[in-house]
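All remarks here apply to the structure that follows.
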Amino acid sequence: MIGLTLLLSGCKGGPTAGAEEPKSKASTPPPRAVQVTPAAERTVARTVSATGTLAADEQVVLGTKVAGRLAEITVDLGTRVRRGQVVGRLDQSDFKLRVDQAEASLQQARVRLGLAASGTDERIDPEKTAIVRQARAMLDDARLTRDRSVKLMELDLIARAQLDSVEANLQVAEGRYQDAQEEVRNRQAIIAQRRSELDLARQQLADTVMLSPLDGAVSLKQASVGEYLTAGTPIATLVRTHPLRLRVSVPEREGAGVRAGHAVTLTVEGDATVYRGRVVRLSPIVQEQNRTLLVEAEVPNERGFLRPGSFARVDIMTEVSQPVVTVPASAIIVFAGVEKVLVVRQGRTAEVKVTTGRRLGEDVEIVDGLKRGDAVVARPGNLVGGQPVVVTP
């Protein structure tokens, strides 16, 4: 009986032991294939990150210098213009008549002085003018008469009253001679005045044509053909779009490290392109309202993709730092505010808490937690610490 019981017990124990062995094998998950990347060490520039606004390097409100009716405007919103290009033109009829009138007045003044009607010479020897020659002849005659009268008076051939009359005539002749010289000088001054009037008329005629003072584009058209415009009325606003000015407000604590010449990178909304520029000006004061320093950078814009007024995200490269450890941003796991990565050690994953720093493109700076060469899982997904893994290329 005892032997039968032992035999039955042995028969029951055999199948149970055999079933436990497969169960133990099934509880161990197979290793997962992962890609790892070594924590890299790189030298990066220290940057000051801020936001700013792009502005035109120059903005000009082009207006009229003289009053008149607008006869032509050659631009519209967005039109590209070159320096010296005609933007608008007033009706020139009245201005041409004024030029003709001024030319005629100048010719008349030249003829009165004894000069040719046309020419550039406006000076003449007064003694060669008709009015002075005539006065000079009368003066010479009066002097001869006086001299003869004095001799006759000495011979008692004429009365004293006659000599007094002759001397009075001499004084009159001298006065007329002086008047003639002054008249010549006055006529020379009139010629200069008429020349100025002609130059002014010609300048006003030239001012009827409005020229672009810069290379750029039209940001606003402000007048239409047929309008009567007073002096100073704007017809268009022009902006220089190359290069652009980038105005950035940098916090006071970071502004001390910014210098003219530092490189700048920026991006704008709706454009993934990274544009580059250089700091050219810094405000001498810190704004009391927000404790920021105004920094201006110059950004090339030859192709015209950037527009004045655009919002920009800016990084100012202030200095080259010591080497830092970086890992791909995809390797960072964030849970409940804690940042960590998975590293591979002896065929298994291990969680490592890290402190991150700056975002460097597709990489992230690791301030603490890793050292150069640590094998970090590039894309951990739902992996957790302690899982067996197989590293794949």
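Restricting attention to the range 365-381, does a residue exist that is surrounded by fewer than 15 Cβ atoms within 10 Å (Cβ to Cβ), more than 54 Å from the chain's Cα centre (by Cα) and touching a residue at least 40 places away in the same chain (Cβ under 8 Å)?
No: zero hits.
Residues of the range 353-364 being without any contact (Cβ under 8 Å) to a residue 40 or more places away in the chain and buried (at least 18 other Cβ atoms within 10 Å of the Cβ), which ones?
Looking only at the range 353-364, we keep the residues that are without any contact (Cβ under 8 Å) to a residue 40 or more places away in the chain, and these are 353-357, 359, 361-362, 364.
The answer is Val354, Thr356, Val364.
Only one of these is touching a residue at least 24 places away in the same chain (Cβ under 8 Å), basic (Lys, Arg) and not in a loop (DSSP other than H, G, I, E, B): Arg307, Arg313, Arg253. Name it.
On the way: Arg307 fails: not in a loop (DSSP other than H, G, I, E, B); Arg253 fails: touching a residue at least 24 places away in the same chain (Cβ under 8 Å).
Unique residue meeting the criteria: Arg313.
With respect to Thr47, determine if the residue is part of a strand (DSSP E or B), farther than 30 Å from Arg345 by Cβ and touching a residue at least 24 places away in the same chain (Cβ under 8 Å).
On the way: part of a strand (DSSP E or B): yes; farther than 30 Å from Arg345 by Cβ: yes; touching a residue at least 24 places away in the same chain (Cβ under 8 Å): yes.
For Thr47, the condition - part of a strand (DSSP E or B), farther than 30 Å from Arg345 by Cβ and touching a residue at least 24 places away in the same chain (Cβ under 8 Å) - is met.
Checking the structure you have, find out if any residue of the range 351-358 is more than 26 Å from Val44 (Cα to Cα) and part of a strand (DSSP E or B). So that I can check it myself, show each step before the final result.
Taking the range 351-358 as the starting set, the residues that turn out to be more than 26 Å from Val44 (Cα to Cα) are 351.
Remaining after also requiring part of a strand (DSSP E or B): 351.
Yes: one or more hits.
Can you tell me which residue in the range 215-234 is nearest to Leu77 (Cα to Cα), limited to those that are aliphatic (A, V, I, L, M) and surrounded by 15 or more Cβ atoms within 10 Å (Cβ to Cβ)?
So the first thing to find is which residues in the range 215-234 are aliphatic (A, V, I, L, M), and the list is 217-218, 220, 223, 225, 229, 231.
Those left that are additionally surrounded by 15 or more Cβ atoms within 10 Å (Cβ to Cβ): 217-218, 223, 229.
Details: Ala217: 8, Val218: 5, Ala223: 12, Leu229: 20 Å.
Filtering first and then ranking leaves Val218.
Select from the range 294-327 the residues that are more than 21 Å from Thr267 (Cβ to Cβ) and touching a Ser or Thr at 6+ places or on another chain (Cβ under 8 Å) and write down the one among them that is modelled with the highest pLDDT. I'd like the intermediate steps shown before the answer.
Going residue by residue through the range 294-327, those that are more than 21 Å from Thr267 (Cβ to Cβ) are 319-325, 327.
In the following step, the residues that additionally are touching a Ser or Thr at 6+ places or on another chain (Cβ under 8 Å) were identified as 320-324, 327.
Values: Val320: 67, Ser321: 67, Gln322: 72, Pro323: 84, Val324: 87, Val327: 94.
Applying the filter and picking the extreme gives Val327.
Read through the list (1) surrounded by fewer than 16 Cβ atoms within 10 Å (Cβ to Cβ); (2) at pLDDT 85 or above; (3) closer than 30 Å to Val248 by Cβ, then give the number of the only condition that Arg69 fails.
(3)
Out of all the residues in the range 179-200, is one or more under 30 Å from Glu103 (Cα atoms), more than 59 Å from the chain's Cα centre (by Cα) and either free of Cβ contacts under 8 Å to residues at least 40 places away in the same chain or not assigned by TED's automatic domain parsing to the domain that holds Ala116 (or both)?
no
Identify, by number, the condition in (1) at pLDDT 90 or above; (2) within 28 Å of the chain's Cα centre (by Cα) that Glu254 doesn't meet.
Only one criterion is unmet by Glu254, namely (1).
The values are calculated or read from the model by the stated rules, or taken from the named source; none is laboratory data. Since the structure is predicted, the reported quantities are computational estimates derived from the model, not experimental observations. Counting neighbours? That spans all protein chains shown, and the Cβs are built from the backbone with ideal geometry, glycine included.
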